[in-house]
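One structure is given below, encoded as structure tokens.
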Amino acid sequence: MQYLSLDKYKDGVLLSARVLLMVLFVLFGWQKITGFEGTVGYMNNAVGAPLPNVSAVIAVIAELVFGILIFVGYFTRPLALLLAVYTVLTAIIGHAYWNLSGMDQYMAMINFYKNVSIAGGLSLLAFTGPGRYSFDRK
């Protein structure tokens, strides 16, 4: 049986992958900036970030700004790598399921591994590039 080749669809699939990966980041980045005080409160109370204002700004930049830039395919490779690292760090900091029990542990574990999986997709995007339908055009 011959290997299934999808090469002729590569650029369209890469565009779809960028859009699908970034919907989450842009949506939640927008919510963080429009409800910035609530974001700072969450960083302080739920996450325990030592600098909640700085953490909130970093989250907005990573999610909204990087998300939009990757969405349109601009500086895709380096930003995808940065966003992958950010996503793993937020998994470790924000979804520390190993410190919880019961249903809280289960929900945090789901979100932890969701973040890890998204980081895998971002890593692939960093290595494949954004495709022809992008500002990078690579």
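The values are calculated or read from the model by the stated rules, or taken from the named source; none is laboratory data. Bear in mind the structure is a predicted one, so any value in this text is a computation, not a measurement. FYI the Cβ positions are ideal-geometry reconstructions off the backbone, even for glycines, and counts take in every protein chain you see. The protein model used for the area step is the full one, side chains on, heavy atoms only, and it has no ligands, DNA or RNA in it. Shrake-Rupley method; radii C 1.70, N 1.55, O 1.52, S 1.80 Å.
Relative contact order for the stretch 48-138: what percent, with Cα pairs under 8 Å and sequence separation of 6 or more?
Details: 87 pairs, mean separation 30.8, N = 91.
For the stretch 48-138, the relative contact order is 34 percent.
Just how large is the dipole of the stretch 1-91 about the Cα centre, in debye to the nearest 20, putting +1 at every Lys and Arg Cβ and -1 at every Asp and Glu Cβ?
On the way: 5 positive and 4 negative charges, 39 e Å.
Dipole of the stretch 1-91, to the nearest 20 debye: 180 debye.
Compute the length gained on full extension between Ser5 and Asn99: take 0.36 nm times their separation in residues and subtract their Cα-Cα distance, giving the result in nm to one decimal.
On the way: separation 94, 0.36 × 94 = 33.84 nm, distance 4.47 nm.
So the extension gain works out to 29.4 nm.
Could you list the square roots of 5 times each eigenvalue of the Cα gyration tensor of the stretch 59-104, that is, the equivalent ellipsoid semi-axes, sorted largest first and rounded to whole Å?
On the way: eigenvalues 158, 19, 11 Å².
Output for the stretch 59-104: semi-axes of 28, 10, 7 Å.
Restricting the calculation to Cα positions, tell me the Rg (one decimal) and the Dmax (whole number) of the chain in Å.
Spelled out, the Cα radius of gyration and Dmax of the chain are 16.7, 58 Å.
Nearest 500 deg cm²/dmol is fine: what mean residue ellipticity at 222 nm does the chain get from its DSSP H runs of n ≥ 4 alone, each adding -39,500 (n - 2.57), divided by its residue count? The partial results should precede the final answer.
Numbers: 6 runs with 94 residues, N = 138.
Using -39500 (n - 2.57) per qualifying helix, the result is -22500 deg cm²/dmol.
Determine the per residue accessible area of the chain with all protein chains present and a 1.4 angstrom probe, expressed in square angstrom. Display every interim value, and only then the final one.
Values: 8810 Å² over 138 residues.
Using a 1.4 Å probe on heavy atoms only, each residue of the chain averages 64 Å².
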